[in-house]
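Step one of this worksheet: look at the structure below.
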Amino acid sequence: MPYWRSLSPAVPLVGQGLAYSAFAAVLWPSVPFTVPEDRVGVAYGLTTAIQNAGLALFPLMAAAIYKAAGSEYIPHVELLFVYLAVVGLAFGLWLNVLDSRGGGGGTCASFFLARLCVTAGIKRETLKDRLWHG
């Protein structure tokens, strides 16, 4: 695998850092626009809990892959993050398709978010309604 050995780890790591920064910049401000005002705290709590679970579990997965690969980061561990990025992109596109079928406007009606919203007792509400009607 000469290609993998010639690639600096800084390149994919910088890309991951930029992608995570963009994700965080969009995720946190969008929470109040997608849930009713009286449920913003619950929505932030769910978002924080899910993020913390990921921050706890994925380093353990990366360490296990690193150890199993004979202490080589590239390509084994890096491929984990590439696969996760592809899965995240696929889910993002899927949620956009579901949202457009439901009338658009950032609804809480997509399958993934609907489950979380129902669990948290959050009623469906569109971003459009929140922005234009208060």
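Would you check which residues across region 1-59 are aromatic (Phe, Trp, Tyr) and either modelled with pLDDT under 85 or surrounded by 14 or more Cβ atoms within 10 Å (Cβ to Cβ) (or both) and list them?
Looking only at region 1-59, we keep the residues that are aromatic (Phe, Trp, Tyr), and these are 3-4, 20, 23, 28, 33, 44, 58.
Once the filter is applied, which keeps residues that are aromatic (Phe, Trp, Tyr) and either modelled with pLDDT under 85 or surrounded by 14 or more Cβ atoms within 10 Å (Cβ to Cβ) (or both), region 1-59 yields 3, 4, 20, 23, 28, 33, 44.
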Self-check item: Yes/no for residue 37 being under 26 Å from residue 96 (Cβ atoms) and not aromatic (Phe, Trp, Tyr)
Solution: yes
Practice problem: Say whether the condition of being without any contact (Cβ under 8 Å) to a residue 12 or more places away in the chain, on the phi < 0 side of the Ramachandran plot and of a type in the set (D, E, K, R) is met by at least one residue in region 5-23. | Solution: no
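The values are calculated or read from the model by the stated rules, or taken from the named source; none is laboratory data. The structure displayed is predicted, hence computed values, not measured ones. Don't worry about glycine lacking a Cβ; one is built from the backbone with ideal geometry, like all the others, and counts go over all protein chains shown.
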